[in-house]
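Participant: Take a look at this one; I'll ask things after.
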Amino acid sequence: MFRLTQYMRELVHPTPVRRRSGVVKPVVIWNLTRTCNLRCRHCYTTSADVPFPGELTHDQAMGVLEDLSGFGIPALILSGGEPLSRFDFFPLAERARQLGFRHLSLSTNGTKLAENIDRLADLSFDYVGISLDGIGPMNDWFRGVDGAFDAALAGVRACKAKGVKVGLRFTITEDNADMLPAMIDLCDAEGVDKFYLSHLVYAGRGNKNRGEDTARARTRKAMDQLIDRAWVAVAEDLPLEIVTGNNDADAVWFLRWVERNFPSQRAEHVAQHLEAWGGNSSGLGVANIDPQGKVHPDTYWSDYTVGSVKDTPFSQLWTGPDAMLATLRQRPRPLKGRCGACAFKDICGGNTRIRALQVTGDPWAEDPACYLTNAEIGVDDADRLTVTPFRGKSHDPAHRFA
């Protein structure tokens, strides 16, 4: 995850650079179930509104919670499918809260929130993320169920009424990219705390529908729109936080914007923060447990399994001798092609490896969704992308240091 607003604030209120040290404990995204009441076109777990065999029993799931707590992970995200569709969701969430995880989040399609808001509010989730893929009929088309937008919006409003921090997650594709400004406007109108732009990852139904991935020019336009909006929020001290996910080239695109608009010392300061962050964190700062208890480097690597928590505790699997995890944790990674030659791989970390794997069969090949030109990433190649950067209406950042 690239926290755009956080790094934007470094331009106005610089803080010391903090680098990772010692053993890195991962944020764990736990897909509790594949059962889901929606049929999303880009679902990476290929969920459906049916029971799935082999999912963790209640006792097994409770054991996972105990192990994760003892291991000291920094954050636990309960996801799905639709996590609220799991038969014992509330007992599991209650136990997670009792164990005192530093950060407990819920990732949901939002349609079941309003009817369960009292119990959810009592659990004091630190954050509830709701997935929407457009306004009204566009979202319902993506989600495969009429009325899904209205139900999710009711969930947003229920969370806000109970004082629960809530965010919207928007997966951008060719079909809905034009709705990005309207989605940000919706956040403003509803008092949403965070907006998360997710780039499409080629996994599950997202792999089947990868032809819908936004073209490079559209991705660049979307990032300029987000940067403009994030700058307004920082310059005017507005509350909306903007983050992006699944395309770590976003950090490089942002750094190039900083270099164009701010003094060199500010750009160097931001670059140092971005290098300390390090970009893609699959297998290092992010881990996944799927509904059957299989452990993966992240939520999209379902074809690669480190092991199963049914047989071995997560804490042992994550600290064991797995070869893929060891390679993912290398810095630099053994990247090839444009990614290997990129001047910014210390910032990007090689981007999303699963896309390279899906397209080429090689997890270390270049990420096909990098939208920067060869010139912009320092690759000496005459065959460069020909795109025109979008320059939307924005506050002029240069006046801050005039």
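Participant: Using a basic spin-label model with each label point 7 Å from the Cα along Cα→Cβ, how many nm lie between Arg9 and Asp178?
Facilitator: Spacing of the two 7 Å Cα→Cβ label points: 3.6 nm.
Participant: Just tell me, in residue order, which DSSP H segments of the chain are both 24 angstrom or longer along the helix axis (alpha-carbon based) and at least -1.0 in mean Kyte-Doolittle hydropathy.
Facilitator: 216-235
Participant: Continuing with the same structure: Just the number, please: percent antiparallel of the DSSP beta bridges in the chain, rounded to the nearest 5.
Facilitator: 15 percent
Participant: Arrange the peptides 106-112, 277-283 so that the one whose residues have, on average, the most other Cβ atoms within 10 Å appears first.
Facilitator: 106-112, 277-283
Participant: Using only the Cα atoms of region 224-328, what semi-axes does the equivalent ellipsoid have when each is the square root of 5 times a gyration tensor eigenvalue? Give whole Å, largest first.
Facilitator: Output for region 224-328: semi-axes of 36, 16, 11 Å.
Participant: For the chain, what does -39500 (n - 2.57) per DSSP helix run (n ≥ 4), summed and divided by total residues, give at 222 nm, in deg cm²/dmol to the nearest 500?
Facilitator: The helix contribution divided over the chain gives -11000 deg cm²/dmol.
Participant: Quick check: residue separation of Arg256 and Asp311 times 0.36 nm, minus the Cα distance between them. What number comes out in nm?
Facilitator: 15.1 nm
Participant: Given a Förster distance of 56 Å, report the FRET efficiency between Glu94 and Ser264 from their Cβ-Cβ distance, rounded to the nearest 0.05.
Facilitator: For Glu94 and Ser264, the calculated efficiency is 0.60.
Participant: For the chain, what % of the accessible area comes from carbon and sulfur atoms, probe 1.4 Å?
Facilitator: 49 percent
Participant: Taking the solvent-accessible surface of protein heavy atoms with a 1.4 Å probe, what is the per residue accessible area of region 1-142 in Å²?
Facilitator: 43 Å²
Participant: On a 1.4 Å probe surface of the protein chains, which of Glu376, Glu268 comes out largest in accessible area, and what is the full order?
Facilitator: Largest accessible area first, the list is Glu268, Glu376.
Participant: With the cut-off at 24 Å, tell me which of the pairs Lys165/Lys345; Lys25/Lys294; Lys162/Lys294 have Cα atoms farther apart than that.
Facilitator: Exceeds cut-off: Lys165/Lys345; Lys162/Lys294.
Participant: If we count every other residue with Cβ under 12 angstrom of Glu94's Cβ, Lys/Arg +1 and Asp/Glu -1, where does the sum land?
Facilitator: The answer is +1.
Participant: Over region 1-90, what lengths in whole Å, largest first, do the semi-axes of the equivalent ellipsoid take, defined as the square roots of 5 times the eigenvalues of the alpha-carbon gyration tensor?
Facilitator: 33, 20, 9
Participant: Now, a different point. How do 81-88, 368-375, 249-256 rank on mean C-beta neighbours within 10 Å, highest first?
Facilitator: 249-256, 81-88, 368-375
Participant: Amide H neighbours of Gly129 under 5 Å, counting only residues 5+ apart in sequence or on other chains, H built in-plane at 1.01 Å?
Facilitator: Answer set, sorted by chain and number: Leu106, Ser107, Thr108, Gly167.
Participant: Which net charge results when you count Lys and Arg as +1 and Asp and Glu as -1 among the other residues whose beta-carbon is under 9 Å from that of Leu197?
Facilitator: Charge balance in the 9 Å sphere: 0.
Participant: At a Förster distance of 25 Å, what's the computed FRET efficiency of Gln60 paired with Arg102, Cβ-Cβ distance as r, to 0.05?
Facilitator: The formula returns an efficiency of 0.60 here.
Participant: What Kirkwood hydrodynamic radius do you get for region 73-207 when you take the inverse of the mean 1/r over all pairs of distinct Cα atoms, in Å?
Facilitator: Computed over Cα pairs of region 73-207, the Kirkwood hydrodynamic radius comes out at 15.3 Å.
Participant: In addition: How far apart, in nm, are two points set 7 Å out from the Cα along the Cα-to-Cβ line at Ala323 and at Ser21?
Facilitator: 3.4 nm
Participant: Further question on the same structure: Return an integer: the convex hull volume of the alpha-carbon atoms of the chain, in Å³ per residue.
Facilitator: Value for the chain: 136 Å³ per residue.
Participant: Testing the spin-label approximation: label points 7 Å from Cα along Cα→Cβ at Ser69 and Thr373. State their distance in nm.
Facilitator: 5.5 nm
Participant: Further, regarding this structure: Just how large is the dipole of the chain about the Cα centre, in debye to the nearest 20, putting +1 at every Lys and Arg Cβ and -1 at every Asp and Glu Cβ?
Facilitator: For the chain, the charge dipole is close to 620 debye.
Participant: Between Leu123 and Asp380, how high is the FRET efficiency from 1/(1 + (r/R0)^6) when r is the Cβ-Cβ distance and R₀ = 51 Å? Nearest 0.05.
Facilitator: Computed FRET efficiency for Leu123 and Asp380: 0.40.
Participant: Another question, then. Counting only other residues whose beta carbon sits under 14 Å from that of Ser308, what net charge do I get with K and R as +1, D and E as -1?
Facilitator: Once positives and negatives cancel, what remains is -3.
The values are calculated or read from the model by the stated rules, or taken from the named source; none is laboratory data. Keep in mind that this is a model prediction, so the values were computed, not measured. Counting neighbours? That spans all protein chains shown, and the Cβs are built from the backbone with ideal geometry, glycine included. Side chains are part of the model used for accessible areas, which takes the heavy atoms of the whole protein and leaves out ligands, DNA and RNA. Shrake-Rupley method; radii C 1.70, N 1.55, O 1.52, S 1.80 Å.
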